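**Q** I have a structure here, written as structure tokens, and I will follow up with some questions on it.
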Amino acid sequence: MKTALVCGAGGFIGSHLARELVRRGVWVRGVDLKMPEFSPTAAQDFKILDLRDRENCVAALAMPDGSAPDAVFQLAAEMGGMGYIHSAACEIMHDSVLINAHMVRESALRGVKTYFFSSSVCVYRDMKPGEPAMAEDGAYPAAPDNDYGWEKLYSERMAFAHARRYGMKVRVARFQNCYGPEGTWRGGREKAPAALSRKVAEAHDGGTVDIWGDGLAVRNFIYVDDLVDGILHLVGSDLDFAPANIGTEEYVTVRQLLETIAEVAGKKISFRSVDGPVGVASRNFSTARIRSTGWAPRHSLRDGIAKTYPWVAAQVAAAAAAGRG
Ligand code: NAD
């Protein structure tokens, strides 16, 4: 791979992916509605484009010499934590499906060799705590818990249909919850690790933070560097027509996530349950397929939070100082 287009390169995972591709010697064009918020893009070229528009997808795919990129990484999406997903079903189903429909089709028509699509474990049904690990085929018969999951499942199928028709190499990863520095940490789109890190940073030692629901929902969290490494293992693999879950085997309740963050922060923190969109009761997915590529996560939840919490705490402190100034 000499050239790559990263769609959603102004976002959390896309900006980390662009940085890693450049580090590996790939020439990268990033595309997004916005530049990355927290540090300059690593991409050699960056275009601000709305990818819901077909013409903008065509423009994004035209490399400086007029050729198509060797690989397209499609991570542009309407995206957020549970609060956002439950309040923005129309935007998610309309905007993300337009981005995916145009980008996969224009990529196939222009001879892109490799196409990566970022799906989600939200394609799976709700699970009960203690259920055995579900493999990728368990997404059917389909019963995603939310409309975000339905959009992902449809867009997965659309990508594989283009692989069959046009011979394009398509790789699809279903991400678990991803966290790390430079992710959204406030504003309504933040996910649980960032939201709880912010609340812990704002709380005093011995304080209390609110969590949505009873905190017993079971979740899995993957550190962003491990996820990016998993994407690149999948893209280099021969796993044709086979979506792959990318996550760790470390499942914790939301209460345990909060305890881990409080421990890293060195604070004694209690929680109070409040009403809020909780999402599914439990998760437990097989990672055998992605591990067959030689990939393995390098960060435990504790390791990843130890790198993430200080970054969120610094954002909280900077925002407080700016408010005072
Ligand atoms: P993010 O919101 O940080 O990044 C998505 C980017 O897409 C944003 O920068 C946004 O501006 C851009 N975008 C949205 N609409 C656009 C448009 N019309 N044109 C151009 N760009 C547009 O989200 P993320 O966490 O980096 O997620 C990246 C991908 O991974 C998404 O497809 C998401 O659904 C998927 N995913 C993420 C997680 C997670 O835990 N973060 C979990 C499962 C799946």
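**Q** Look at Arg255 and say whether it is surrounded by fewer than 16 Cβ atoms within 10 Å (Cβ to Cβ), under 16 Å from Val218 (Cα atoms) and either in contact (Cβ under 8 Å) with a residue 40 or more places away in the chain or among the polar types (S, T, N, Q) (or both).
**A** Taking the combined requirement at face value, the residue satisfies it.
**Q** If you check Ala318 against the conditions, is it within 17 Å of Ala201 (Cα to Cα) and without any contact (Cβ under 8 Å) to a residue 60 or more places away in the chain?
**A** Answer is yes for this residue.
**Q** Next question. Taking the conditions exactly as written (at pLDDT 95 or above and either within 13 Å of Ala201 (Cα to Cα) or basic (Lys, Arg) (or both)), does Gly266 satisfy them or not?
**A** Taking the combined requirement at face value, the residue satisfies it.
**Q** Taking region 10-31, which residues are in contact (Cβ under 8 Å) with a residue 40 or more places away in the chain, within 23 Å of Gln176 (Cβ to Cβ) and outside any helix (DSSP H, G or I)?
**A** Matches in region 10-31: Gly11 only.
**Q** Might you check whether a residue that is within 24 Å of His16 (Cα to Cα) and not hydrophobic (A, V, I, L, M, F, W, C) occurs anywhere in region 314-321?
**A** So far as region 314-321 goes, yes, one or more of its residues are within 24 Å of His16 (Cα to Cα) and not hydrophobic (A, V, I, L, M, F, W, C).
**Q** Working only within region 299-325, note down all residues that are open to solvent by 60 Å² or more (accessible area, probe 1.4 Å) and either in contact with a Pro (Cβ under 8 Å, 6 or more places away or on another chain) or part of a loop (DSSP other than H, G, I, E, B) (or both).
**A** Across region 299-325, the qualifying residues are Lys307, Gly325.
**Q** Evaluate region 286-298: report whether one residue or more is closer than 25 Å to Leu75 by Cβ, at pLDDT below 95 and not in a helix (DSSP H, G or I).
**A** no
**Q** Something else now. Let me spell it out: the conditions are (1) crowded, with 18+ Cβ neighbours inside 10 Å; (2) closer than 13 Å to Gly279 by Cβ; (3) touching a Ser or Thr at 6+ places or on another chain (Cβ under 6 Å), and Leu216 meets all of them except one. Which number is the exception?
**A** Status for Leu216: all satisfied but (1).
**Q** Going residue by residue through region 229-244, is there one that turns out to be out of contact with any Leu (no Cβ under 6 Å at 6 or more places or on another chain), open to solvent by 40 Å² or more (accessible area, probe 1.4 Å), among the polar types (S, T, N, Q) and at pLDDT 95 or above?
**A** No, region 229-244 contains no residue that is out of contact with any Leu (no Cβ under 6 Å at 6 or more places or on another chain), open to solvent by 40 Å² or more (accessible area, probe 1.4 Å), among the polar types (S, T, N, Q) and at pLDDT 95 or above.
**Q** I need the full set of residues from region 75-106 which are crowded, with 20+ Cβ neighbours inside 10 Å, farther than 19 Å from Ile13 by Cβ and of a type in the set (S, T, N, Q), in order please.
**A** none
**Q** For the structure I just gave you, tell me whether Arg198 is closer than 24 Å to Ala306 by Cβ and open to solvent by 10 Å² or more (accessible area, probe 1.4 Å).
**A** yes
The values are calculated or read from the model by the stated rules, or taken from the named source; none is laboratory data. Computed from a predicted model, the values in this text were never measured in an experiment. As a convention, Cβ positions derive from the backbone with ideal geometry for all residues, glycine included, and neighbour counts pool all protein chains shown. These area figures cover heavy atoms from the full protein model, side chains too; ligands, DNA and RNA do not enter into them. Shrake-Rupley method; radii C 1.70, N 1.55, O 1.52, S 1.80 Å.
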